[in-house]
Amino acid sequence: MKVLVAVKRVIDYNVKVRVKPDNTGVDLANVKMAMNPFCEIAVEEAVRLKEKGIASEIVVVSIGPKACQEQIRTALALGADRGIHIEADGDVQSLDAAKLLKAVVEKEEPKLVILGKQSIDSDNNQTGQMLAALTGMGQGTFASEVVVDGEKVNVTREVDGGLMTLSLNLPAVVTTDLRLNEPRYASLPNIMKAKKKPLDTMSAADLGVEIASRLTTLKVEAPAGRSAGVKVADVAELVDKLKNEAKVI
Amino acid sequence: MSILVIAEHDNSSLKQATLSVVAAAKAIGGDIDVLVAGENCAAVAEAAAKAEGVAKVLVADNAAYGHFLGENLGELVAEVGKGYSHILSSAGTTGKDFMPRVAALLDVAQVSDIIRVESEDTFVRPIYAGNAIATVKASDSIKVVTVRPTGFDPVAAEGGSASVEQIDVVKDAGLSSFVGEQKAESDRPDLASAGIVISGGRGMQNGDNFKMLEQVADLLGAGIGASRAAVDAGFVPNDMQVGQTGKIVAPQLYIAVGISGAIQHLAGMSDSKVIVAINKDEEAPIFQVADYGLVADLFEAVPQLEEELKKAL
Ligand SMILES: Cc1cc2nc3c(=O)[nH]c(=O)nc-3n(C[C@H](O)[C@H](O)[C@H](O)COP(=O)(O)OP(=O)(O)OC[C@H]3O[C@@H](n4cnc5c(N)ncnc54)[C@H](O)[C@@H]3O)c2cc1C
Ligand SMILES: Cc1cc2nc3c(=O)[nH]c(=O)nc-3n(C[C@H](O)[C@H](O)[C@H](O)COP(=O)(O)OP(=O)(O)OC[C@H]3O[C@@H](n4cnc5c(N)ncnc54)[C@H](O)[C@@H]3O)c2cc1C
């Protein structure tokens with residue numbers, strides 16, 4: 001079966017994020033960018049399905065500026081077969097990302113679509129669910145285990161009270177949580193090979209989707225922040241402070 | 001304006017998070033209705049009717065909603081909610097699952113995880129793991145919003161007297177079915193609403209050592225949390241993870257034991273009123289946010305803490 005994986009280019013998770021002095025956003029100039037960690041997990045899961053003989057082809061798609069072809073190449077180096085880059089320069093919000101992905105789903109007709117559960121920049125946690133609703137597919141969100149079984153897929157989800165397992169009809173959408181797998185690193189030969197794998201570029205207009213910002217960011221500020229308090233000498237002093245100074249116990 | 005709040009519950013009791021969502025709805029202003037969707041959930045509807053500020057409780061009681069499947073809840077809420085100006089739910093894993101479906105079905109954007117209401121269409125939400133705080137204005141006619149419960153003081157659970165109305169909208173998308181669940185059984189307070197939380201990290205070394213934290217938690221009536229490293233290593237179950245991609249907590253007192261203080265962890269607890277860090281590395285970043293830091297080996301400090309608390313409480 002064909003698997004479609006959506007990957008997003010985001011600020012590297014190790015980078016200390018700085019708000020721009022004019023409060024219009026976060027400073028992304030000269031900042032290291034990388035594949036969203038949850039998307040790495042999504043790619044890894046697809047590759048494992050291929051290694052098990054369940055997936056026949058892995059198509060990876062990214063929406064964004066030209067630079068996000070880097071993340072597509074990374075996914076190709078990790079084992080995806082083919083890339084699709086949907087060029088979009090400005091702000092692509094979740095609903096539009098979902099509409100673009102829906103258009104790709106209609107063209108490619110994958111049996112399984114795997115996305116990250118959230119991207120670590122906007123922390124929205126929306127795109128997969130929106131895509132599922134727009135395409136009329138079932139969804140297994142925050143997955144920690146994915147087992148394909150004939151025309152169904154069983155997904156174990158990380159939920160507030162523990163774990164929950166669902167059975168979904170295929171085609172379906174899965175969004176990944178941290179413990180689904182541990183992504184591999186791309187080897188140098190595979191990075192070289194990835195350069196030759198096919199990568200198609202298209203625009204939102206090619207897919208018949210109009211990008212419309214429905215959310216306007218009025219300002220972005222640094223959080224209030226906390227300052228370091230005091231060091232206590234020992235446990236007795238700690239308990240005394242908690243009881244008599246902070247009065248929280 | 002009219003606001004529909006989707007109750008979070010387990011078919012028998014109303015989650016406190018719902019009271020915080022009602023508080024967010026009050027901050028927006030307008031009539032507030034609560035939708036209770038579940039199976040055999042009459043007790044939840046009764047509890048919701050008593051919450052302060054609720055005008056009407058709508059109950060959709062059907063097997064299709066028993067396990068809160070996102071596909072079914074999405075269709076139900078999109079249908080019931082289309083007459084309202086705002087649809088709100090908590091940003092727990094259930095709300096995160098079905099709300100984007102509602103937004104997509106109504107062809108509107110969703111504003112995720114708000115911590116403040118500026119006006120009926122403008123909301124404040126953390127992005128980049130809380131390293132930036134965005135003020136966002138939504139232009140759609142229906143606002144679909146998930147609410148971070150720690151951002152809003154819950155309304156009173158008692159005192160209201162809303163009417164309760166059954167609705168028989170049955171949406172069974174037939175796309176998914178419930179197979180099973182593994183609930184972490186515990187008598188401890190729920191992490192998200194506990195007044196005190198004590199969390200352990202990789203420094204705990206194994207799951208058995210979390211018993212030390214349990215003993216302290218028992219004395220304090222505290223909930224127990226963990227860092228991602230402790231969960232990944234299999235010391236404790238996933239629902240204990242605090243952080244950007246786990247649970248967000250904001251207790252009166254947060255005690256971090258053997259946790260270095262990575263930004264992703266801080267994102268889940270830095271709104272706590274008082275933070276205590278116990279770590280043997282005095283350079284650990286957690287000390288930069290701790291009100292009280294103790295540089296010590298946790299295997300000595302935690303048993304001592306238990307002894308001192310027994311004396312002090
Ligand atoms: C450089 C840049 C700057 C931006 N600045 C702003 C800003 O200032 N304000 C603002 O509101 N928005 C901004 N955005 C857009 C914002 O990040 C969108 O909300 C986002 O692209 C939509 O995805 P999400 O974060 O909601 O995804 P989520 O729902 O959190 O992501 C879940 C998953 O969806 C998939 N996915 C999401 N987006 C893409 C994509 N583009 N390509 C492929 N797969 C995807 C991935 O698998 C991802 O793991 C910016 C985007 C970029 C690229
Ligand atoms: C996409 C993404 C999402 C993430 N989401 C989360 C999240 O939601 N929550 C989260 O917590 N992390 C998250 N992380 C992981 C995060 O980056 C850190 O790796 C993690 O928080 C580290 O956990 P830790 O502090 O327990 O471990 P470490 O960083 O290894 O720290 C262990 C600490 O214990 C101390 N220690 C060791 N032994 C002792 C002793 N005997 N006595 C006292 N102190 C001792 C050490 O000095 C050290 O400071 C995420 C990462 C990514 C990439």
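The values are calculated or read from the model by the stated rules, or taken from the named source; none is laboratory data. Values in this document were obtained by computation on a predicted structure and should not be read as measured data. Here the Cβ is made from the backbone with ideal geometry for all residues, glycine too, and neighbour counts use every protein chain on show. Quick note on the areas: whole protein, heavy atoms, side chains included, nothing else; ligands and nucleic acids left out. Shrake-Rupley method; radii C 1.70, N 1.55, O 1.52, S 1.80 Å.
The strands (runs of 3 or more DSSP E) falling completely within the range B:153-219 that include 2 or more residues that are within 30 Å of A:Gly140 (Cβ to Cβ) and not assigned by TED's automatic domain parsing to the domain that holds B:Glu8 map to B:176-183, B:196-200. Taking the criterion of being within 11 Å of chain A (Cβ to nearest Cβ), touching a residue at least 40 places away in the same chain (Cβ under 8 Å), open to solvent by 20 Å² or more (accessible area, probe 1.4 Å) and polar (S, T, N, Q), the residues of the range B:229-278 that qualify are B:Gln244, B:Gln252, B:Gln264, B:Ser270. The condition of being open to solvent by 10 Å² or more (accessible area, probe 1.4 Å) and within 16 Å of ligand 2 (Cβ to nearest atom) holds for only one of A:Lys111, A:Lys107, A:Lys117, A:Lys102, that being A:Lys117. Answer yes or no: is there a residue in the range A:179-195 that is more than 16 Å from ligand 2 (Cβ to nearest atom) and over 26 Å from A:Val47 (Cβ atoms). Within the range A:179-195, none of the residues are more than 16 Å from ligand 2 (Cβ to nearest atom) and over 26 Å from A:Val47 (Cβ atoms).
Of the strands (runs of 3 or more DSSP E) entirely within the range A:1-91, those holding at least 1 residues that are within 14 Å of another protein chain (Cβ to nearest Cβ) and under 20 Å from B:Gly130 (Cα atoms) occupy A:9-11, A:33-35. Is it the case that some residue within the range A:15-24 is more than 30 Å from A:Leu218 (Cβ to Cβ), open to solvent by 50 Å² or more (accessible area, probe 1.4 Å) and either within 16 Å of ligand 2 (Cβ to nearest atom) or free of Cβ contacts under 8 Å to residues at least 12 places away in the same chain (or both)? For the range A:15-24, residues more than 30 Å from A:Leu218 (Cβ to Cβ), open to solvent by 50 Å² or more (accessible area, probe 1.4 Å) and either within 16 Å of ligand 2 (Cβ to nearest atom) or free of Cβ contacts under 8 Å to residues at least 12 places away in the same chain (or both): absent. The test for being buried (at least 24 other Cβ atoms within 10 Å of the Cβ), more than 29 Å from B:Asp107 (Cα to Cα) and modelled with pLDDT of 95 or more does not hold for A:Ala97.
Looking only at the range B:210-219, residues that are open to solvent by 10 Å² or more (accessible area, probe 1.4 Å), more than 13 Å from ligand 2 (Cβ to nearest atom) and in contact with a helix residue (DSSP H, G or I) (Cβ under 7 Å, 6 or more places away or on another chain) come to 2 in all. Pairs are defined by a Cβ separation below 6 Å, a sequence spacing of at least 6 or placement on different chains, a first member in the range A:61-80 that is in contact (Cβ under 8 Å) with a residue 12 or more places away in the chain and under 22 Å from A:Ala204 (Cα atoms), and a second member that is open to solvent by 40 Å² or more (accessible area, probe 1.4 Å) and within 16 Å of ligand 2 (Cβ to nearest atom); the pairs so defined are A:Gly64/A:Arg9; A:Cys68/A:Arg9; A:Gln71/A:Arg9. The range B:1-116 holds helices (runs of 4 or more DSSP H) entirely within its bounds, and those carrying 3 or more residues that are open to solvent by 10 Å² or more (accessible area, probe 1.4 Å), farther than 30 Å from B:Ala132 by Cα and assigned by TED's automatic domain parsing to the domain that holds B:Phe152 map to B:42-50, B:70-81.
Among the criteria (1) facing chain A (nearest Cβ under 7 Å); (2) within 16 Å of B:Ala25 (Cβ to Cβ), the one B:Ile115 does not fulfil is (1). Residues to consider are B:Gly221, B:Gly225; find the one that is at positive phi and either within 23 Å of the chain's Cα centre (by Cα) or at the interface with another protein chain (Cβ under 8 Å from one of its Cβ atoms) (or both). Only one candidate qualifies: B:Gly221. Summed over the range A:203-249, residues that are in contact with a strand residue (DSSP E or B) (Cβ under 6 Å, 6 or more places away or on another chain) and either in contact (Cβ under 8 Å) with a residue 60 or more places away in the chain or under 30 Å from B:Asp121 (Cα atoms) (or both) total 10.
Looking only at the range B:254-313, residues that are charged (D, E, K, R) and either within 16 Å of ligand 1 (Cβ to nearest atom) or closer than 15 Å to B:Ser227 by Cβ (or both) come to 1 in all. Exactly one of these conditions fails for A:Gly150: (1) at pLDDT below 95; (2) open to solvent by less than 20 Å² (accessible area, probe 1.4 Å); (3) more than 16 Å from ligand 1 (Cβ to nearest atom). Give me its number. Result: A:Gly150 passes all but (2). Note on the range A:156-188: residues that are assigned to a strand (DSSP E or B), touching a Gly at 6+ places or on another chain (Cβ under 7 Å) and facing chain B (nearest Cβ under 9 Å) amount to 6. Looking only at the range B:241-281, residues that are assigned to a strand (DSSP E or B), of a type outside the set (Val, Ile, Thr) and more than 6 Å from ligand 2 (Cβ to nearest atom) come to 5 in all. The residues of the range A:156-214 that are open to solvent by 60 Å² or more (accessible area, probe 1.4 Å) and of a type in the set (Val, Ile, Thr), listed by number, are A:Ile191, A:Thr201, A:Ile211. For the range B:164-194, residues that are touching a Leu at 6+ places or on another chain (Cβ under 7 Å), more than 13 Å from every other protein chain (Cβ to nearest Cβ) and surrounded by 13 or more Cβ atoms within 10 Å (Cβ to Cβ) total 2.
Considering A:Gly150, A:Gly208, A:Gly225, the condition of being at the interface with another protein chain (Cβ under 9 Å from one of its Cβ atoms) and not acidic (Asp, Glu) is satisfied by A:Gly225 alone.
Residue under question is A:Ala98, and the condition is that it be of a type in the set (A, V, I, L, M, F, W, C) and away from chain B (no Cβ under 14 Å); does it hold? Considered against the rule, which asks whether it is of a type in the set (A, V, I, L, M, F, W, C) and away from chain B (no Cβ under 14 Å), A:Ala98 comes out as no. Selection over the range A:96-136 of residues that are assigned to a helix (DSSP H, G or I) and either out of contact with any helix residue (DSSP H, G or I) (no Cβ under 7 Å at 6 or more places or on another chain) or closer than 19 Å to A:Gly83 by Cβ (or both) gives a count of 14.
Within the range A:155-181, the set of residues being farther than 20 Å from B:Asp239 by Cα and out of contact with any helix residue (DSSP H, G or I) (no Cβ under 6 Å at 6 or more places or on another chain) comprises A:Ser167, A:Leu168, A:Asn169, A:Leu170, A:Pro171, A:Ala172. Does A:Ile114 fit the bill of being within 14 Å of another protein chain (Cβ to nearest Cβ) and touching a strand residue (DSSP E or B) at 6+ places or on another chain (Cβ under 6 Å)? Here the answer is no, as A:Ile114 does not meet what is asked.
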